[in-house]
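Below is one structure, written out as C-alpha cells; comments come after it.
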Protein chains: 2
Amino acid sequence: MRVSELAEQTGVSVSTIKYYVREGLLPPGNRLGERRASYDQRHVARLRLLRALREVGGVSVSDLKTIVLAIDDESRTVHQMFGAAFDALTRSAAQPVTKESLRDADELVDRVGWTRVRSISPERRRLAEILQVIDSIGADIGPLRKTVYYELVDAIAALEVDRLDPLDPTADRDTLVRRMVVGQVLLGEFLLSLRRLAHEHHSASRSARPDGAAPAPPPDSSAKT
Amino acid sequence: MRVSELAEQTGVSVSTIKYYVREGLLPPGNRLGERRASYDQRHVARLRLLRALREVGGVSVSDLKTIVLAIDDESRTVHQMFGAAFDALTRSAAQPVTKESLRDADELVDRVGWTRVRSISPERRRLAEILQVIDSIGADIGPLRKTVYYELVDAIAALEVDRLDPLDPTADRDTLVRRMVVGQVLLGEFLLSLRRLAHEHHSASRSARPDGAAPAPPPDSSAKT
C-alpha cells in the first residue's frame, strides 16, 4: 500500500510516519520509484504498536527506540529482549535517591518474597524514589505497608503474567514484545483507571454527610454507645 | 523565613517559587520591605505538595491550578473540593472515544458493582479510551476481564480509601486534599512500581529456559506423561 493508505489505516499522519522512518522506528517501505514506496502489514502492526505506546502509555521517543532496537536485534534472546523493553518502561528517577530509601525498597522486595527480581533492576531505584517522596511529604501510608496489600498486588501481577507472558513459542518477536508492553503500559493504565473508579465508589459510599468530612461511624464504634 | 531558606528547606529553586507565586499556586510571603518577604510553614507544606505532584505524579501546571483553586475556595464543601481535585487527576482522553467503548466501560462499572461512580465522572471516558486502544491493537486481555481481577482491584482500593479518606474532621483543607492526592497519584505510582517488580519476579520464575520462550510445563501437564 501507499503511504497515504498506511496513514489512513493506522490513524498516524504521513509526516509522523516519515519521522518514524527517519528515526529508525519503522522500516522504510519497498521503493517503487524515485518518490514512491510500498508498505505492508508489518508496517501497519508496528505503527499501531508505536501509536498505542505514545498515546496511552506516554512513552518517550527515546524509550520507543530502546524497545524497537530490542525487537529488531535478533541476536538477543527473547529473555534479553524482554529485559531491555521492560527496563525501558521504568520511569527514571528524577532526583537523587538516598541509601536509606534504596535499603527500604530492597527490604520491601525481600519481605514480599519477590526473589527473582534482578539486583540491578532499575525498578528498585524507582520504588526507592517513590518511598522517599511519600516520606518527605509526611504521608501516613504505614498501614498500607502490611502483607495483605502486597499479596493483592502479587495476585494481580500473577494473573497478568499468566495471560501476557510468551507462552506461545510460535509468536514472532514483535508480537511477544507487544504483549509484554501491553501488559506493562496499557494494563497499567487499565488498572489505575479501575482503581480510580473503585476509589470514587468507596469514597462516596463512606461520605454520609454532604461535606464528606465525617462518615457514619463504623459498626464497632456504634456498638459501644 | 526568607525565600532562600524556603528554597533550601523544600528543595524547590527560588525561580520556581517565584513562578508558583506568579501563577497563584503559592500565596505570596508577608512583605518585609521593598524586595523582601517572609514565608512560613504553610508555604513549606504547599511547596512540598506541589513538588511531589510535579516530580512523581507528572501533574501538569494547569492541573496543579485546578487542585489549588479547589483547596483555596472555602465556599466549596470538602466533598466538592475532593471531586474537583479527583477529576483534575484523570488523564484526558487523547482521541475520540466511540459510543461502543463508552457503553463497554459503563457495563464494566455496573458489572463490578461500583454503583456510586457519578455518571458524569471523566474516569468513565478514560476507561473507555483504554479499552478502545487495547481492542485496536488486538491485545487478548479477555481472560483478565473476569470478576476475580476486579475483586482484587476493588480490595486494593478499599484498603487505600480506608487509610486516605478524610476520617479526621480536625484536619485542614490542605491536609485533606494532600491525603487524597497522595492516594491517587503517589500510591498509584507505588502500586505500579510494586506491580512491575511482581511481574519481573513471576516472569523470571516462569522462564525456565534461557530464551524465555518455553517455560517448564505446569504440574498437571507433566502428570499426563
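A compact table of results
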{"quantity": "Residues located in segment B:34-59, provided they are on the phi < 0 side of the Ramachandran plot and part of a loop (DSSP other than H, G, I, E, B)", "calculated": "B:Glu34, B:Arg35, B:Arg36, B:Tyr39, B:Asp40, B:Val56, B:Gly57, B:Val59"}
{"quantity": "For B:Ser203: the one exception among (1) modelled with pLDDT of 90 or more; (2) buried (at least 17 other Cβ atoms within 10 Å of the Cβ); (3) within 16 Å of A:Ala158 (Cβ to Cβ)", "calculated": "(1)"}
{"quantity": "Tabulated pairs, segment A:98-116, first within 13 Å of another protein chain (Cβ to nearest Cβ) and of a type in the set (Lys, Arg), second open to solvent by less than 100 Å² (accessible area, probe 1.4 Å) and part of a helix (DSSP H, G or I), C-beta under 7 angstrom, 6+ apart or interchain", "calculated": "A:Arg116/B:Glu200; A:Arg116/B:His201; A:Arg116/B:Ala204; A:Arg116/B:Ser205"}
{"quantity": "Residues that are in a loop (DSSP other than H, G, I, E, B) and of a type in the set (Lys, Arg), drawn from segment A:145-183", "calculated": "A:Arg145, A:Lys146"}
{"quantity": "Where B:Leu186 falls short, out of the listed (1) assigned to a helix (DSSP H, G or I); (2) modelled with pLDDT under 85; (3) open to solvent by 40 Å² or more (accessible area, probe 1.4 Å)", "calculated": "(3)"}
{"quantity": "Segment A:138-151, subset among the aliphatic types (A, V, I, L, M) and buried (at least 20 other Cβ atoms within 10 Å of the Cβ), residue modelled with the highest pLDDT", "calculated": "A:Leu144"}
{"quantity": "Matching residues, segment B:20-33, being farther than 18 Å from B:Asp63 by Cα and open to solvent by 50 Å² or more (accessible area, probe 1.4 Å)", "calculated": "B:Pro28, B:Asn30, B:Arg31, B:Leu32"}
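For (1) at pLDDT 90 or above; (2) more than 30 Å from A:Val12 (Cβ to Cβ); (3) open to solvent by less than 50 Å² (accessible area, probe 1.4 Å), each residue gets a yes or a no:
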position	(1), (2), (3)
B:Glu8	yes, yes, no
B:Lys18	yes, yes, no
B:Arg35	no, yes, no
B:Val59	no, no, yes
B:Gly83	no, yes, yes
B:Ala93	no, no, yes
B:Ser101	yes, no, yes
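The values are calculated or read from the model by the stated rules, or taken from the named source; none is laboratory data. Values in this document were obtained by computation on a predicted structure and should not be read as measured data. Counting neighbours? That spans all protein chains shown, and the Cβs are built from the backbone with ideal geometry, glycine included. Accessible surface areas use protein heavy atoms only, side chains included; no ligands, DNA or RNA. Shrake-Rupley method; radii C 1.70, N 1.55, O 1.52, S 1.80 Å.
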